[in-house]
Amino acid sequence: MLFSSFLSLASAVVVAVATPAPLSLHVRHESRRAVPHGWSLDRRADPDAFVPLKFRLRQSNLENLDAYLLDIADPQSPNYGKHWTPEQVAQTFRPSPDSVDTVHSWLVNSGGVDLQKIRIGSDGSIRVDVTVSEAESILGAEYYVYRNADDDKERIGCHDGYSLPEHVSKHVDLVWPTVHFGNHKHIRRAGDGSKGVWHRPGGAPKAIADDDAMSPGPTNCDKGVTLDCLRALYNFNYTLVAADKNTMAVVEFGSNVLLQSDLDGFFKHFDPQQVGHKPTLVSIAGGHLNASETDPENLGESTMDFQLVMGLLGRTQDVLLYQVGKDNNDQDPVDELLAALDGSYCSDPAIKQLGLVDCGNKPRANVVSISYSTSPDINDPTDPATTQLVQRQCAEIGKLSLQGITFVASSGDTGVSFGPTQACLAKNGTAVEGNAPGTFVPQFPASCPYVTAVGATEVTAGNSVSDPEVATTAFPSGGGFSNFFPQPAFQARRVNRYLKNSLPAGYDSSIFNASGRAYPDVSANGFPTVVAIDGEFTTSGGTSASAPIFASLVAAINDARIAAGKSPVGWINPALYSHLFATAFNDVKNGTNPGCGTQGFPAARGWDPVTGLGTPNFNSLLARFMSLP
């Protein structure tokens, strides 16, 4: 099953539970090897202090998520396109009555917990209002107070872990508060040295756009990629016909905001009829626009996303701006986004404790484009809680995909290393920055199999749009193999061909996980993208340009299907890898994505972990998706 608890099960030990309960066989359910980054152990917790224990029970049928998705996403399935309702999803994955009864009975009969202190949530989670002393007895744990060095906040927990009876453990994902301290990660935003929980790729060099870059029509596309270049490259000359029934959203995190003046300046030059056209703001966790923002580091990403998406789709399509407001060390904004789209995710005890603001109250879009990464795809033995939450996020993306949403994400701009610090793994499993030799580090959410990950290509210097593109050379496009998620069966044929015929000599399991989910799935041009930033035309780019470009084409395909009375395409990965779509892409055969002291992976004929299946031929993609029910 793709989402698992990644439990650290130690040898069975016998511990005493609350008096007058008898001794009971317990197993270690969760633990961590060290105090989490950013926190320090301050003191033992007051035994009389109140602590509301929350038990997150295992979701039912999660092991069947892949099968459910393939039933509606495999082109050969008779149920293709028959997406589920939110009610069906909630009912299918709600914890079973047996799980609720087992944990409830144990708390009362063995844990000695008063019935009046137990609350069962509508989602099947269980809350127990007890003292620290009672919690320690119930869980065989020792509670401490931890202090955060950055903001002086305190949090209670037990990093040495806790235990549950064997028969109870199999029904429980996690108990909070225990080993979970929020999502503190060694990640930095591009362009500054601050700590954060996400970053945008930001690997493409920036320069003032000259006359050649601003050329009209699909000319000089090696010097500046305009809307005309993209339309010519991908055979995209589609006019929307059902825009009022279709939806698309672009996600922006934290202080990254859009300036309408830049959007208008871009359209004044490239598409005058769109001057004044604005995206629809959907504020999540207090996200808002900031018309007075002048820091280019906070303007470039959102500006590029919307100039590309709105420029390609045209004025008739309303585009949602999912502006996620929080930008701090306590919260992964992906949690905020997923909770805003699905209230059942918000009710998760480990998620809810992080102070989520919006719970299932925001409009959903048929296509969601994300040009950010939030987590390294590694199993950190010192932080199993973060590993588990990433698994939970991916499962939630899968559940939303069941309901017909297509998630598109950038594959990263640092090759086979992770993030602006170019992190790789040393032999002892620790992250080493600066592109040092070591194990490749993929990135999330691109590594989630329910996301369509997009790599970056470019037009070679001196070539035209009629010539084959290559993997970007101005920065190494991200790609590789997940350490979290197994490789979907529908990928195996194409990936195995690459591993057999094109893998560099000496690459083995110490370098990458050949059995993991392989990405990117596809690619699109990522450099040098012409955008208006803070009143100036600039060449920029990155896979953060490639993702919204490809997402726009998916939105246009949805438009055609909706106009024909069909459903949106939803999760598209099984279709893209199928025989039906074998000739729907422009194969990219040249380039590499270096990192971690290597040349990374080479591009090759067919699928490769640099450019995926290749760049889109829109007319071919459209014809194939229109042939499906």
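Readers should treat all values here as calculations from the given coordinates under stated rules, not as data from a laboratory. The structure displayed is predicted, hence computed values, not measured ones. Here the Cβ is made from the backbone with ideal geometry for all residues, glycine too, and neighbour counts use every protein chain on show.
Odds and ends about this structure:
- Using θ = phi - 60° and Karplus 6.51 cos²θ - 1.76 cosθ + 1.60, couplings along the range 69-85 (whole Hz; Gly, Pro as x): 5, 5, 5, 10, 10, 6, x, 8, 7, x, 9, 3, x, 8, 6, 7, 7
- For Asp332, nonlocal amide neighbours, meaning residues 5 or more places apart or on other chains whose placed amide H falls under 5 Å from its own, are Asn183.
- For Val172, residues with placed amide H under 5 Å, excluding near neighbours: Arg58
- Using alpha-carbon coordinates, inclination of helix 384-402 to the longest axis of the chain, degrees: 60
- Relative to the longest principal axis of the Cα atoms of the chain, the long axis of helix 97-109 makes an angle of roughly 30 degrees.
- Sorting His29, His288, His167, His159 from the fewest to the most surrounding beta carbons within 10 angstrom yields His288, His167, His159, His29.
- For the residue pairs Lys54/Lys117; Lys54/Lys399; Lys362/Lys399; Lys82/Lys399; Lys54/Lys153; Lys54/Lys170, the alpha carbons lie more than 18 Å apart in Lys54/Lys399; Lys54/Lys153.
- Database note for the chain: Cys without another Cys beta carbon under 4.7 angstrom, Cys158.
- Rounded to 5, percent antiparallel among DSSP beta bridges of the chain: 65
- Val225 long-range amide H proximity, modeled H, under 5 Å: Thr529, Val530
- Phi-based couplings in Hz for the range 582-594 (Karplus 6.51, -1.76, 1.60; Gly and Pro marked x): 4, 10, 8, 10, 8, 5, 10, 10, 10, x, 9, 10, x
- Given charges at beta-carbon only (K, R positive; D, E negative), |dipole| of the chain in Debye: 1440
- Working note: Karplus 6.51/-1.76/1.60 with θ = phi - 60° gives the range 131-138 the couplings 8, 4, 4, 5, 4, 4, 5, 5 Hz, where Gly and Pro are set to x.
- With R₀ set to 45 Å, the beta-carbon distance separating Ser464 from Ala67 gives a calculated FRET efficiency near 0.50.
- Loop-exposed GluC sites (Glu not before Pro) per DSSP, neighbour cap 15 Cβ within 10 angstrom, longest uninterrupted part of the chain: 143-432
- With loop membership from DSSP and a limit of 16 other Cβ atoms within 10 Å, the longest segment of the chain without chymotrypsin sites (Phe, Trp or Tyr not before Pro) is 7-506.
- Distance between modelled label sites at Lys117 and Lys427, nm, 7 Å Cα→Cβ extension: 5.0
- Estimated from helical segments only, the mean residue ellipticity of the chain at 222 nm is -7500 deg cm²/dmol, where each DSSP H run of four or more residues counts as -39500 (n - 2.57).
- Rounded to the nearest 10 degrees, the angle from helix 543-563 to the longest Cα principal axis of the chain is 80 degrees.
- Label selected from (i) 72, 59, 58; (ii) 81, 53, 50; (iii) 75, 65, 49, the criterion being Cα extents along the principal axes in Å as computed here: (ii)
- Projected label distance in nm at Ser510 and Thr239, using a 7 Å step from Cα toward the beta-carbon: 6.2
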